[in-house]
Amino acid sequence: MGKQINYWMDYESFLLLAQKALDLGCKIIREDLDAGKVTEGGDIGIVVPYGKHKRISYYFHLPEAGDVEIKKYNEVERLDYGFNATGNAVIEAGYSFVLGESAGVCGAREKREIMRERIYCITGYYDEDGEYIPRPKCLTKVYNALARYVKKLAPYTEFTDTRISMRDENYGEEFEYKHKEYVTRACLELAEREGYRLC
């Protein structure tokens, strides 16, 4: 369990969110799986575009909430992130990976999709002695400020989709499904003007 907001956010908007995290006292951690390296920095220069493959994760580390641990597995560095002390000191965040249209095998087209991301922090964890360690209040305060900022960067937008009913009384019939999602203007424009699908 934890606190989270799902959203579709472009790279430029994420840079604004990362700067807000820095302004609130966080450091930014970049976990690059391709390079096998975990890097922590104090400016938004650490945030880079995903490139062709999304193999990078970002975390906002609040030093006041505790230290983080980096482990090595077969010469590959990984943040020891989960329901543990490191998880209690970081906020997971990211920006949407955009799958663009390009020629694939035998002329097939790659999907045009924008992947959903989130901002998330755990509620707490149980230590080795079975004692529950709640998330520090200072991290909750920073998370709440970042969540409010996410809602400004990616305002609530209403969507209407067509779904197929699975209920016995109207099984197989189409119906309209309305829902609201957090989406930045840039991602919304890709979806509306260029036919990208929000996934």
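A residue that is modelled with pLDDT of 95 or more and not small (Gly, Ala, Ser) occurs nowhere in segment 49-57. Of all residues in segment 25-45, those satisfying the criterion of being under 22 Å from Cys138 (Cβ atoms) and either without any contact (Cβ under 8 Å) to a residue 24 or more places away in the chain or open to solvent by 60 Å² or more (accessible area, probe 1.4 Å) (or both) are Lys27, Glu40, Gly41, Gly42, Asp43. Between Tyr149, Tyr125, Tyr120, Tyr73, the distinction of being more than 22 Å from the chain's Cα centre (by Cα) and surrounded by fewer than 21 Cβ atoms within 10 Å (Cβ to Cβ) belongs to Tyr73 only.
Only residues that are hydrophobic (A, V, I, L, M, F, W, C), more than 21 Å from Ser57 (Cα to Cα) and out of contact with any strand residue (DSSP E or B) (no Cβ under 6 Å at 6 or more places or on another chain) were counted across segment 116-144, and they come to 1. Can you spot a residue in segment 174-182 that is of a type in the set (Lys, Arg), in contact with an Asp or Glu (Cβ under 8 Å, 6 or more places away or on another chain) and loosely packed, with under 10 Cβ neighbours inside 10 Å? Yes, because at least one residue in segment 174-182 is of a type in the set (Lys, Arg), in contact with an Asp or Glu (Cβ under 8 Å, 6 or more places away or on another chain) and loosely packed, with under 10 Cβ neighbours inside 10 Å.
If you filter segment 2-18 down to residues that are part of a strand (DSSP E or B) and in contact with a Ser or Thr (Cβ under 6 Å, 6 or more places away or on another chain), you find that the one that is surrounded by the most Cβ atoms within 10 Å (Cβ to Cβ) is Trp8.
The values are calculated or read from the model by the stated rules, or taken from the named source; none is laboratory data. Please read these numbers as outputs of a predicted model, since none were measured by experiment. Backbone-built Cβ (ideal geometry, glycine too); neighbour counts: all protein chains shown. The protein model used for the area step is the full one, side chains on, heavy atoms only, and it has no ligands, DNA or RNA in it. Shrake-Rupley method; radii C 1.70, N 1.55, O 1.52, S 1.80 Å.
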